[in-house]
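> After the structure tokens below, expect a handful of questions from me.
Computed from the coordinates by the stated procedures, all read-outs in this text should not be read as laboratory data. Keep in mind that what you see is a predicted model, and the values were worked out from it rather than measured. With ideal geometry, Cβ positions are generated from the backbone for all residues, glycine too; neighbour counts draw on all protein chains shown.
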Amino acid sequence: MVLKLLKKLNLLVILVPILYIGKISNYLITQIKNKLLIPNKFILITSIPIFSSIIVINNESIYIIQSNFIYLSLLTLTTIIPLLITIAFFTLAERKVIAAVQRRRGPNVIGIVGLLQPFADGFKLLIKEIILPTKANILIFLIAPILTLTLSFISWSVISFSYYDVISDLNLSLLVLFAISSFSIYGIILAGWSSNSRYPFLGALRSASQIISYEVSLTIIFLVIVYISNSFNLIDIIYIQQITLWFIIPLLPLFIIFIISILAETNRAPFDLPEAEAEIVAGYNLEYSSIIFAIFFLGEYSNIIIISALTIILFFGGWDIPNFFIYFYNFNSVIEFNILFFEVINYLNYLNSEFWFCFKTICICFFFILVRATFPRLRYDQLI
């Protein structure tokens, strides 16, 4: 009975507990931060240990960096480790959902209902031999995937799970997120060029033209949302939706354009032309193998989850409770007929903001998977 329930609810069972780790992690970080009296404006800079020793603003900031090494380590670990686990299980959820669409079982051998399959795949990629092309620019060849994954992780620093669960609450957080996502194209271009091969280079050119083309529409949509909310801050955008209504209602045509644009931005089907195996073998990551290929893989799926979270923030009120439950709860206060149903509604009203944010994000990720399993790949002339 339990196994059947897990198979039916595999997406929620896999992803909700992993995403919910952020609540505990952020609570511990907040307690440590309050005790050490660390200002918010230094969190974004000092949350990257690689650069913390070379960024110098003034004597006060250097003192903060040197005296709070434990805080910085905990902040980095409690952000990156749950994210890596979430990405790993997101790949399993994708394979499960696509298998259900195609009426087959999917991964079900390693672990209970296949729950350990991502770890087996990661271990397999880890022990494989790293093959470097003889004519490639080795330095740039190795930097490209690391750059892609690093930019993807930095983007999470401005994503807010609630009013307090955010690493860096910047006034221009939407602009920062858009700028970081624009830089990710450099990792793809460098990977295709440094491989010194025709097919990776063609895949990199395709990806560059595709991302730049659809960023124009994304920019226009961002400007409309900023104009309505009168702020570049993601928390302010969510607050405006809480006191008015979700932007999905007045901006439904823009939301449709936004969905199409983010599918192209993340190189997902039916816009996965940079990885068209029937035309250019595998695209920009053709020459990569072993753990270096896995780094590209992690960066791609991390971007999908980030885009899903951004969609929730911009159009679905972020962590805001759906008004459907509030209306039904108020209606029950006047007319009582199904006590059990309204007890469930009452319980849903008291669920915290992190749960609703993670649940909405999972729904958008589920939509990404369904699109991949449903629509065929477009021709390149149809894309542009």
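> Pop out the ³J(HN,Hα) list for segment 296-306 in order, Karplus 6.51 cos²θ - 1.76 cosθ + 1.60 with θ = phi - 60°, rounded to Hz; leave Gly and Pro as x.
4, 4, 5, x, 5, 6, 5, 5, 4, 5, 5
> Taking 0.36 nm per residue of separation and subtracting the Cα-Cα distance, what length does fully extending L139 through N230 add?
Answer, rounded to one decimal: 28.4 nm.
> Is the shape of segment 223-311 best called rounded, prolate or oblate, per the rule: a/c under 1.5 gives rounded, else a/b larger than b/c gives prolate, else oblate, with a ≥ b ≥ c the square roots of the Cα gyration tensor eigenvalues? Can you show the working numbers first?
Values: a/c = 4.06, a/b = 2.25, b/c = 1.81.
Because a/c hits 1.5 or more and a/b exceeds b/c, segment 223-311 counts as prolate.
> Under 1.5 on a/c is rounded, so check that first for segment 87-217, then, if it is not, pick prolate when a/b is larger than b/c and oblate when it is not; a ≥ b ≥ c are the square roots of the alpha carbon gyration tensor eigenvalues.
Working: a/c = 1.75, a/b = 1.08, b/c = 1.61.
Because a/c hits 1.5 or more and a/b fails to exceed b/c, segment 87-217 counts as oblate.
> Further question: Using a Förster distance of 41 Å, how high is the FRET efficiency between Y380 and E129, based on the Cβ-Cβ distance and rounded to 0.05? Can you show the working numbers first?
Working: r = 34 Å, r/R0 = 0.82.
Computed FRET efficiency for Y380 and E129 comes out at 0.75.
> Within 13 Å, Cβ to Cβ, of L177, how many net charges do the neighbouring residues add up to if Lys/Arg are +1 and Asp/Glu are -1?
-3
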